[in-house]
Amino acid sequence: MAMVVLTAILVVLLSLLIKGAYETITCYWWTPRRIKKIMERQGVRGPRPRPLIGNIQDTASLVAKSTSDDMDSIRHDVVPRLLPHYVLWSQQYGKRFIYWNGSEPRMCLTETELIKELLSKYSTLSGKSWLQQQGSKHFIGKGLLMANGDDWYHQRHIVAPAFTGDKLKSYAGYMVDCTSQMLQSLRKAVDSGQTEFEISEHMARLTADIISRTEFDSSYEKGKQIFHLLTILQSLCAQASRHLCLPGSRFFPSKYNREIKSLKMEVERLLMEIIQSRRDCVEVGRSSSYGNDLLGMLLNEMQKKKSGSGFSLNLQLIMDECKTFFFAGHETTALLLTWTVMLLASNPSWQERVREEVAQVCNGADPSVEHLSKLTLGLSIWIPVLAIHHSEELWGKDANEFNPERFASKAFAPGRFVPFAMGPRNCVGQTFALMEAKIILAMLISRFSFTISESYRHAPVVVLTIKPKYGVQICLTPLNP
């Protein structure tokens, strides 16, 4: 009897081993070879992939070399610095080429009409790959940014009302109040003798405070530790994206895995305190609902358990959505503002034009919702999709020059500028982000003039998003002494 049981166990183990070997060989050998041959028959070629790692090492080596030194001046031809592999392979293989991130093939697509069609007509099929999802698993999990298919559709349906219509209008007051507090602290620092400021730190804290107050009924001070831990997780995930991700590798007892899991657990513990506090208010009768901000909407949806479609929202997914919006709701807007301030600080004539526009529209008052549609502020400036946004073929010979007037031209085709993507999967917080950016910039520029500090070192780097490696140092001068 014992031999029969032992034999059965060995048969099961052998079957699992054979299945695992087959799936591994299929994933890392047969499927890549099959896809490579199919694409070559269609005329799409690319750099030769190495076994298992594809072109990861090539990409990492090119980026390490191109970013090893700071830029010698403030220039905007940053594609060779940040996407050297794109520059090299597009020259060798043409606009449309294929390269390999491990075993995952990625086709480079730069034709704007095809991109528009893909994002508009095939939004349910487009989404995040397995490797992208694995790379951010411990960072933002399965939140809206990483969801695909029906899961993405239902999550988008739940969170969209938090960023539309009257809800957005109600946020304007919070944005103005938070910005006023930041500007007052800057003014106090200037009055006490400080002239140079690392503006990216102030913008990050301000946008974090705004997203905390508007969507989580919290404050920056309460969520400060969450933002700090998410920043560390972001850096670790960016490092992981440059290395091979094998199935099951997250279970290896490596230093990286232990660190990232520890950070993830601490972030989720802090989030659960915020979530549980909201739930306790309802359970003890202090409130009749979970609220109508983003967190309240998520908790209300969870109470419904399952919708007719079979989509279920649980606590883990709520925490993933919170991480997604804590991160995406502040960092991207903070970077937009940081780079905008850098550009205006180094282009004083444009800074003055923006200041005059703010004065004309707002007439000395703080910006309101009614003012925002009349403010252009030159905000549509060099942000990803990087290669398309710097293409001389699309933008002309001055593609790498700071020229906001190009967006006012009748010849401007919106499809070539996609900072928030397009189609059904465009950024759900786009209107929120632009509203926030306009309010902050309008208030800052109406109270201070600013120039680039001599200590500023121009060195853009990619850490999932494009950041200034050493921050952005500016010198502030109050307009009303």
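Every read-out reported here was derived from the displayed coordinates using simple, explicitly stated rules and does not represent laboratory data. Owing to the predicted nature of the structure, the values given are computational and were not obtained by experimental measurement. Here the Cβ is made from the backbone with ideal geometry for all residues, glycine too, and neighbour counts use every protein chain on show.
Taking the highest mean first, how do the peptides 182-193, 331-342, 227-238 order by number of other beta carbon atoms within 10 angstrom per residue? It would help to have the intermediate numbers written out before the result.
Details: 182-193: 13.2, 331-342: 22.9, 227-238: 17.5.
Top of the packing list down: 331-342, 227-238, 182-193.
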Sorted on mean Cβ neighbours within 10 Å (highest first), peptides 132-139, 165-172 come out as 132-139, 165-172
If packing is taken as the average count of other Cβ atoms within 10 Å, what order do 450-459, 364-373 fall into, highest mean first? 450-459, 364-373
Which whole-number percent is the relative contact order of the chain (Cα, under 8 Å, 6+ apart)? 21
In a Debye calculation with equal point scatterers on the alpha-carbon sites of region 132-190 and no solvent, what is log10 I(q)/I(0) at q = 0.31 Å⁻¹? -1.12
For the chain, with only Lys/Arg (+1) and Asp/Glu (-1) charged at the beta-carbon, what is the dipole magnitude about the Cα centre, in debye rounded to 20? 1840
What number, in nm² with one decimal, is the all-direction average of the projected area of the convex hull of the alpha-carbon atoms of region 167-223? 4.1
Where in region 463-481 is the amide nitrogen less than 15 Å from a point lying 7 Å along the Cα-to-Cβ axis of residue 451? 473-479
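Helix-only estimate, please: 222 nm mean residue ellipticity of the chain, summing -39500 (n - 2.57) across DSSP H runs of length 4 or more and dividing by its residues, to the nearest 500.
-17500 deg cm²/dmol, from helical runs alone.
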Hey, if you put +1 on the Cβ of every Lys and Arg and -1 on every Asp and Glu Cβ in the chain, which of 6, 89, 44 ends up farthest toward the positive end of that dipole? 6
